[in-house]
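Let me begin by presenting the structure, written as structure tokens, before commenting on it.
Each reported figure results from applying straightforward, stated rules to the coordinates on display, with no laboratory input. Being a predicted model, the structure only gives us computed values, none of them experimental. Please note: Cβ atoms are built from the backbone with ideal geometry, for glycine as well, and neighbour counts cover all protein chains shown.
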Amino acid sequence: MKNKVPEIKNNCAKFIYNGTAKKVSIVGDFNNWKKEPLFQIKEDKWAITKEFPSNARFDYKFIVDKEEILDPLNPNKTEGGFGFNSELQMPRFHYPIATKFHQNIPHGTIKKYTINSNNHCNYKRDVYLYKPYKSPHKKSPLLIFQDGLEYIIFGSARNTLDYLIHKEEIPDTYALFVDIRKENRLKEYSPNSCYGEFLVNTIQFAEKKTNIKFDKKYLVGVSLGGFVSVALLLEYPDLFNGAISQSGVFLFEKEADFDSLDKKIIYMDNGKYETKATSSLNILNLNKKYKQKFKKSGATVSCKEWNDGHSWGNWKAHLPLALKYIFTSGRTKYNPK
């Protein structure tokens, strides 16, 4: 039986590159994507051994001379917004069963709409409306996903909703997956932009289309999307009930007042290796800081840290837990009664 590649023994992973080169480096979540040289063992063999927690998961690549490549010896890869990366899964890491497609369970449907805003921003966005397989008659909760299409493709959000609803671990919920223009992402995912008004219009559109009253509404996002999810919860306290922020890049002004988060539900998580993940920001420390601020405001807050980095593999793996928390406020199982 062949050894797994990278070769894993105890808590050590050995990365190997076979081939002639002047220089071989490794970049990944574990070193904030900074070049780390492999050692040349033979003329055509390079290697480096690194120690990680036994439940860690990381994206990584090799740089051979000046070319970024996937690890040729590793069949495991994961996709994100910038293409594919090789994936390291330490022995105790496993994707939750909810993230996988299950043919033998009922599935919800997704329909695409293009929505124009009613405000001066002149928004025009693709929105994907998820309808659970067992549609409620009058009322339903609603999830609003920022970076919507990426949550579907890279975050396995549809699989996760189907499975958790089928297992009655969350209620029969609708979801809006709202697409974003990446070139305007920083501007749109900031407080006081027109994006909030657009979401209000989109929710009203969805209620008319489904003839459903969304009695509870929760915002979901990663990185800047995680930040804007909490910011909109703050801006529209009478509309939204809670937020999920995965690796939130919190850019609140120093004088920001969080009092309107009182009695809101906030789930936060991030990777322990996200210390310089986005523009040199220490996301790990940002989340620790704002966890305390949100709690002090009176919000119900859960904040988890994982042995992972700033990537869709991390967010996909922990979305099921986030959804279960937001619907149960920390209880272990949703009670449909």
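Observations on the model:
- Bridges between two residues of region 35-163, per DSSP, are antiparallel at a rate of about 100%.
- Cβ-based exposure ranking for MET268, MET90, in which fewest neighbours within 10 Å come first: MET90, MET268
- Least to most buried among VAL220, VAL27 (fewest other Cβ within 10 Å first): VAL27, VAL220
- Note on LYS35: aspartates and glutamates with a C-alpha under 13 Å away, same-chain residues under 8 apart excluded, are ASP65, GLU67, GLU68.
- Under the span-like rule (Cα at least 15 Å along the axis, Kyte-Doolittle mean at least 0.0), DSSP H helices of the chain: 224-235, 312-328
- Electrostatic dipole magnitude of the chain [Cβ: Lys, Arg +1; Asp, Glu -1; Cα centre; debye, to 20]: 720 debye
- Where only DSSP H runs of four or more residues are counted, the chain gives -7000 deg cm²/dmol as its mean residue ellipticity at 222 nm, each run worth -39500 (n - 2.57).
- A simple spin-label model places the labels of LYS22 and ASP257 6.1 nm from each other, with each point 7 Å out along Cα-to-Cβ.
- Added length on full extension, which subtracts the Cα-Cα distance from 0.36 nm per residue, ASN76 to ASP215: 45.9 nm
- Exposed GluC sites (Glu not before Pro) absent - longest run of the chain, DSSP non-H/G/I/E/B, at most 15 other C-beta within 10 Å: 44-167
- Cα-based shape type of region 7-89, given that a ≥ b ≥ c are square roots of the gyration tensor eigenvalues and the cut on a/c is 1.5: oblate
- LYS208-LYS296 FRET efficiency (beta carbon distance; Förster radius 35 Å; 0.05 resolution): 0.35
- Panel order for PHE294, PHE84, by other beta carbons found within 10 Å of each beta carbon, from fewest to most: PHE84, PHE294.
- Förster radius 56 Å - calculated FRET efficiency between ASN201 and LYS14, Cβ distance, rounded to 0.05: 0.55
- Amide H contacts of TRP306 (H built 1.01 Å from N, in plane; Pro and chain starts excluded): ASN270, GLY271, LYS272 sit under 5 Å, all sequence-distant by 5 or more or on other chains.
- Placing a pseudo-label 7 Å from each Cα along the Cα-to-Cβ vector at THR275 and GLN40 gives an inter-label distance of 3.0 nm.
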